[in-house]
Amino acid sequence: MRREFECLRQWCNDLWHYCGIVVTRLGGDPDQIDMIPTDYDYTLWGIEDDDYRYHEAVALELMSEAANGAYCEYLESRYWLSRDHVTV
């Protein structure tokens with residue numbers, strides 16, 4: 001209990017904060033030179049900001065989820081493209 005009190009006291013004294021990690025997948029738009037964010041964000045909030053190794057692990061996990069989402073989207077677009085036949 002003493003440790004929890006000390007942790008809360010440090011938070012009240014602005015010695016640490018809660019933060020969030022946001023990973024945004026970027027997509028290329030042929031009409032724009034810059035990369036633009038897609039509609040997909042991968043986030044985790046409510047993380048204590050005193051352990052940067054944990055932040056890195058969370059960011060890597062979120063990047064993995066974003067890459068998996070992009071791959072699934074690619075497979076889905078390939079599937080629907082293969083079904084797109086011109087009929088006479």
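Here, each number is a calculation from the coordinates, and none is a lab measurement. Since the structure is predicted, the reported quantities are computational estimates derived from the model, not experimental observations. FYI the Cβ positions are ideal-geometry reconstructions off the backbone, even for glycines, and counts take in every protein chain you see.
Listed values, structure above:
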| item | result |
| --- | --- |
| Packing-based exposure ordering (other Cβ within 10 Å, fewest first) of Val22, Val58 | Val22, Val58 |
| Per-residue HN-Hα couplings for the range 49-55 [Karplus 6.51, -1.76, 1.60; θ = phi - 60°; Hz; x = Gly/Pro] | 8, 9, 9, 5, 5, 5, 4 |
| Integer Hz, Karplus 6.51/-1.76/1.60 couplings in order for the range 60-67, x for Gly and Pro | 5, 5, 5, 5, 5, 4, 5, 5 |
| Ranked Cys72, Cys7, criterion: other C-beta atoms within 10 Å, fewest first | Cys72, Cys7 |
